[in-house]
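Undergrad: Could you have a look at this structure, given as structure tokens, before my questions?
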Amino acid sequence: MNLKRVVVTGLGALTPIGNSVEEYWENLALGTSGAGPITKFDASKFKTQFACEIKNFQAEDYLDRKEARKMDPFTQYGMITAEQAIQDSKLDLSKIDLDRAGVIWGSGIGGIKTFQDEVDNFVTNDRNPRFNPFFIPKMISDICAGLISIKYGFRGPNFVTVSACASATNALIDAYNYIRLGKADVFISGGSEASVTESGIGGFNAMKALSERNDDPKTASRPFDKERDGFVLGEGGAALILEEYEHAVARGAKIYCEVIGGGMSADAHHMTAPHPEGLGATNVMKYALEDAQIEASEVDYINVHGTSTPLGDLSESRAIKKIFGEHAYNLNISSTKSMTGHLLGAAGAIEALACIFALEKQMVPPTINHFTDDEEFDSKLNFTFNKAQQRKVKTVLSNTFGFGGHNTSIILRKLD
């Protein structure tokens, strides 16, 4: 069968370094760190006392106050970025087939704050079961996709993908596949996460996954640096409008880029640790390239998973060398998590926007906070340390990997 072409026609972002796509992109170019002391709760007793929080945010500035109270923050972030993306796309909802418009969203944890608050209230109120009637609807991970579809009347496929930190990229790939198979014309896709909570920080601390550089939060996320000591937790979300190419052209839409391939794989190795030789990461990039029907030499930039963990960064760099061979030295590689922190299930969405930034601006965002070379990394690889770099960028690949061994890669290309 002839597969349809899929393009991106709208963007929305709410991130630790910008509450709009424009502000996010500006700070990517500047190499701005979004990390700082936690303000959402008293973190003084926690091993990690900082995170990448959204700044200057009040849900009521974007949403009806009554409706916002029925939503966990992760859903608020999703609703806000979806609205930004719809507005950016200039979709006229009265002129599209709403039966062929869907929502596929990603979130690794969903309503963790709602769950935490309800359990806390239960315990502090002598274990009397006075639960909020919105407890379950606010908490479940699929509710964001559901509420987005209700708001816009999208009656096509509607679900959430949950694959830990790979969730949002999984969502984008699923939306891409539905459209190219001819089963839908338009999707709102992306991801959101709101895990900067006592249970979120405490849980990841217990796993020894987070940086504990409390004396210098802004430089704590150090992908590929010898002194890296874990990731920095982030929050926020991003939405993309994916659209069938002819459908977009017919309505005169602005087209940011084309989605040309996606890959998925499993490490089948360990609950949280990556495969030491990057087997799953190698496979997923291979599958994405095969799906896109391009050679490895056609890729200009890789937005890596690059969380700033000792094992993860190393295994991913090994996988890149295996797949790209000598061309690996011609690539720009960067981890924008050095600026945004790790948004868990939403990471793939905001990083897809970073890839589109590279295509739009012909500029690769940097990996900031590099101070000390690690001899375990090939010094000839260009990790775009500390400063954005101008270069010709036509094709980009984005990696996102999750606990449980979930791996996803998506490939975007500048439209000819």
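The values are calculated or read from the model by the stated rules, or taken from the named source; none is laboratory data. Because the structure is predicted, anything quoted here is derived from the model rather than measured. Note that each Cβ is placed from the backbone with ideal geometry, even for glycine, and that neighbours are counted across all protein chains shown. When the accessible area is computed, the model is the full protein with side chains, heavy atoms only, and any ligands, DNA or RNA have been set aside. Shrake-Rupley method; radii C 1.70, N 1.55, O 1.52, S 1.80 Å.
Undergrad: Leaving ligands, DNA and RNA out of it, rank 272, 336 by accessible area with a 1.4 Å probe, largest first.
TA: If we order 272, 336 from most to least accessible, we get 272, 336.
Undergrad: Next question, about the same structure. Across 20 Å bins from the origin, how do the percents of Cα pairs in the chain run, short distances first?
TA: 30, 59, 11, 0
Undergrad: Would you list 183, 138 from the most to the least accessible area, probe 1.4 Å?
TA: 183, 138
Undergrad: Hey, with R₀ at 41 Å, roughly what FRET efficiency would residue 39 and residue 295 work out to, going by the Cβ-Cβ distance, to 0.05?
TA: The pair residue 39/residue 295 has a calculated efficiency of 0.30.
Undergrad: On to the next question. Figure the gain on full extension for residue 375 and residue 47 (residue separation times 0.36 nm, minus the Cα-Cα span) and round it to one decimal in nm.
TA: Gain in length upon complete extension: 115.2 nm.
Undergrad: For the chain, set up a Gaussian network in which alpha carbons nearer than 10 Å are linked by springs, and say which option among 271, 79, 285 fluctuates the most.
TA: Judging by the Gaussian network model, the answer is 271.
Undergrad: While we're here: Leaving ligands, DNA and RNA out of it, report the carbon-plus-sulfur percent of the accessible area of the chain at a 1.4 Å probe.
TA: Result for the chain: 50 percent of the exposed heavy-atom area is carbon or sulfur.
Undergrad: Another one. Filter the trypsin sites (Lys or Arg not before Pro) in the stretch 299-349 to those in DSSP coil with at most 14 other Cβ atoms within 10 Å of their Cβ, and list the result.
TA: none
Undergrad: Next question, about the same structure. Gain in length, residue 215 to residue 255, computed as 0.36 nm per residue apart minus the alpha-carbon separation, to one decimal in nm?
TA: Full extension of this stretch gives 10.0 nm more.
Undergrad: Considering only C-alpha atoms, what is the centroid distance from the stretch 93-163 to the stretch 282-304, in Å?
TA: Comparing the Cα centres of the stretch 93-163 and the stretch 282-304, I get a distance of 33 Å.
Undergrad: Could you work out how far apart the two model spin labels at residue 277 and residue 30 are, taking each label as a point 7 Å from the Cα in the direction of the beta carbon, and quote it in nm?
TA: 4.5 nm
Undergrad: Moving to a separate point now. Highest mean first, how do 201-207, 157-163 rank when packing is the count of other Cβ atoms within 10 Å averaged over residues?
TA: Highest-to-lowest ranking by the protection proxy: 157-163, 201-207.
Undergrad: Heads up, I need the accessible area for residue 126: 1.4 angstrom probe, whole protein in place, Å², nearest 10.
TA: It works out to around 130 Å².
Undergrad: In nanometres, what is the gap between the two model label sites at residue 57 and residue 97, each 7 Å from Cα along Cα-to-Cβ?
TA: 3.7 nm
Undergrad: Next question, about the same structure. In terms of solvent-accessible area of protein heavy atoms at a 1.4 angstrom probe, what is the ranking of 25, 105, highest value first?
TA: Solvent-accessible surface, decreasing: 25, 105.
Undergrad: Separate question: Roughly how much of residue 77 is accessible, in Å² to the nearest 10, using a 1.4 Å probe?
TA: About 0 Å², ignoring ligands and nucleic acids.
Undergrad: Let me ask something additional. By per-residue mean of other Cβ atoms within 10 Å, what is the highest-first order of 238-246, 380-388, 344-352?
TA: Ranking, from highest mean packing down: 344-352, 238-246, 380-388.
Undergrad: Around residue 128, what is the net charge, scoring Lys/Arg as +1 and Asp/Glu as -1 over all other residues with Cβ under 15 Å from its Cβ?
TA: Residues close to residue 128 contribute a combined charge of -1.
Undergrad: I would also like to ask the following. Extension gain residue 416-residue 226, at 0.36 nm per residue separation less the Cα-Cα distance, in nm?
TA: Stretched out fully, the residue 416 to residue 226 stretch lengthens by 64.4 nm.
Undergrad: Kindly provide the helix-only [θ] at 222 nm of the chain, computed as the sum of -39,500 (n - 2.57) over DSSP H runs of four or more divided by all residues, to the nearest 500 deg cm²/dmol?
TA: -9500 deg cm²/dmol
Undergrad: Could you grab the relative contact order for the chain? Cα pairs under 8 Å, six or more apart, rounded to a whole percent.
TA: Computed value for the chain: 24 percent relative contact order.
Undergrad: Next up: Given the C-alpha centroids of the stretch 314-385 and the stretch 212-261, what is the distance between them in whole angstrom?
TA: Here the two parts' Cα centres lie 12 Å apart.
Undergrad: Kindly report, to the nearest 10 Å², the accessible surface of residue 257 as traced by a 1.4 Å probe over protein heavy atoms only.
TA: So the heavy atoms of residue 257 present about 0 Å² to solvent.
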